[in-house]
Every structure is written in C-alpha cells, then in structure tokens.
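This report concerns only the one structure given below.
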C-alpha cells in the first residue's frame, strides 16, 4: 500500500471530537500541558520525528503536535501506545488516571470530590432520575435527548463522568444517602422498554441498600415544597455542610448557616411530603409490573 494510503488512515482532529482542553479548567490545562511535554521529551529522546511517531501510534502529525503542545487531551489508548513505542516502561501509561479526570467537566469533578468526602448526602431531583441512580443506558438515552445534540464522543464522555460519581456507593465507611425522586420521570420509558425496566430494577436494588433511603414524590400531592427545582445537601464529618438549589441563591453552592437552614428546611419538608421509603419501593415495583 502507498504511503499516502497509510496517511489517510491515521487519526485526525476530525476523528477526535470532544477531546479539546477546556481553557477555563486551570487544573486540566496544567495536567494536559505536563503530559504533552513529557510525551514530546520522550519522543525526542529516542530520536523519533513527530510524523514517524504518529504513524507508529496511528495518529496524524498535526494531532501529535497538538497533543504535545497541550491543546488536545490524549486518549488512554494513545498513552498506552506511546508508552510501548517509546519504551517508557509504564511511565506514560501511568498518566492515564489524571488525564481521564480532565475529560470530566470541571463542575462534575468538583461535585464528585465533595460527594466523596460527605458523610450524609441529601438529593431531590425533579426532572429526571438522579445521576447517582442512573444505569449506563438510561444515562446515555437522557444525554442523547439533549438539543442541540452532543457529539457521540461527548455523549460517552458525559456518561463516563456520571457513572464515575457512583463510586460513592462503594466508599468505606459508606455515607448515608437520601433521595427524593418525582413520579413523572419514573413513568417515562426513556430509551425504550428494556432500558426503562433495567432502570426501575436498579432503583429497587439501590433503594434496598442499608445506607440508602429512596422516596417518591407522587404527582397527586396538593402541597409541594420542591417546585423551585433540584436540591443537593452535603454534610461532612467536621460538622460543616454545603448545599445548592436551582431556585435559591442563584443556584450557587452555599455554606452560610442562614442560607443552609433555608435549604435544609425545604429538603426536610419535601421528604415529609413524599411517600415513605417502603411505599416508594412498592410503588416502583408496581411500575415495573406495568412495563
């Protein structure tokens, strides 16, 4: 096969949507710049030109330069191939963990870090199943429904970020987690009947965990204190807390005692207005039986 034929098979920027560096993510920019610099130094140390190295790992020369200059996030498999081609003995492949975190939006990383430290987590979600409770297929269907649509690569990036947060269930010691979900999203067969059934089954599984309380807010209630939108309430071992709500304090996280009290009051009232946990699980079992 001709050299031109080989070049046409190499990955280009058009093949790599969603791997740009967010300029507002200072930590992410620094990580990608450091990784790119190490890749370049290692390549130059073995005497390989960018084009030659690109062919060896399946990437176009222009994309190699962009990764080395910190303008593109390298895929995990790129680092694996680079490690092998450049004989780095695992040093380049070891960077995958930090690089993978950069792909998650800054806001998601910050939220995940707070959830990882909380001893008590209270969550009210009004328009969908909460991200901590979503199955991969349900999360994908939800994200793919957005308009304007995300690119396939961005969809997978967002699904991976959402699922990564669910590591909170495997913590030791486990936090106490309270969910309140609206009835309407539970009735919506997002992604089709099989995806919907799997999501309901997953809710039952999580709802029966000893550290989880899951409640459903029925649509028939006449008084509802959650009409301003979702609420997140995180409490930590040192007695501090942080909370946010879509409809309060411009949606920003709050730590000031008076503002925390307002959101705690709203969340407590929502929990009191929702079905108790045992009735909520019975309700989800009923929905599952109707599918």
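The values are calculated or read from the model by the stated rules, or taken from the named source; none is laboratory data. Note that the coordinates shown come from a computational prediction; the quantities given were computed from them, not determined experimentally. Note that we place each Cβ from the backbone using ideal geometry, even for glycine, and neighbour counts take in every protein chain shown.
If you check 43, 49, which single one turns out to be over 22 Å from residue 156 (Cβ atoms), buried (at least 17 other Cβ atoms within 10 Å of the Cβ) and modelled with pLDDT of 90 or more?
43
A quick yes/no check of all residues on (1) closer than 19 Å to residue 129 by Cα; (2) within 22 Å of the chain's Cα centre (by Cα); (3) at pLDDT 95 or above:
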| position | (1), (2), (3) |
| --- | --- |
| 208 | yes, no, yes |
| 236 | no, yes, no |
| 247 | yes, no, no |
| 255 | no, no, no |
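May I ask you to list pairs of residues, at least six apart or on different chains, whose Cβ atoms are under 6 Å apart, with the first in the range 59-72 being on the phi > 0 side of the Ramachandran plot and the second being crowded, with 24+ Cβ neighbours inside 10 Å?
What qualifies is 70/32.
Checking the condition more than 27 Å from the chain's Cα centre (by Cα) and either modelled with pLDDT under 95 or farther than 20 Å from residue 121 by Cβ (or both), which residue from 222, 232 passes?
Being more than 27 Å from the chain's Cα centre (by Cα) and either modelled with pLDDT under 95 or farther than 20 Å from residue 121 by Cβ (or both) holds for just one of 222, 232, which is 222.
Please go through (1) touching a helix residue (DSSP H, G or I) at 6+ places or on another chain (Cβ under 7 Å); (2) under 21 Å from residue 29 (Cα atoms) for residue 42 and return the number of the only condition it doesn't satisfy.
(1)
Within the group 164, 139, which residue is under 15 Å from the mean Cα position of the chain (by Cα), modelled with pLDDT of 85 or more and in a helix (DSSP H, G or I)?
139
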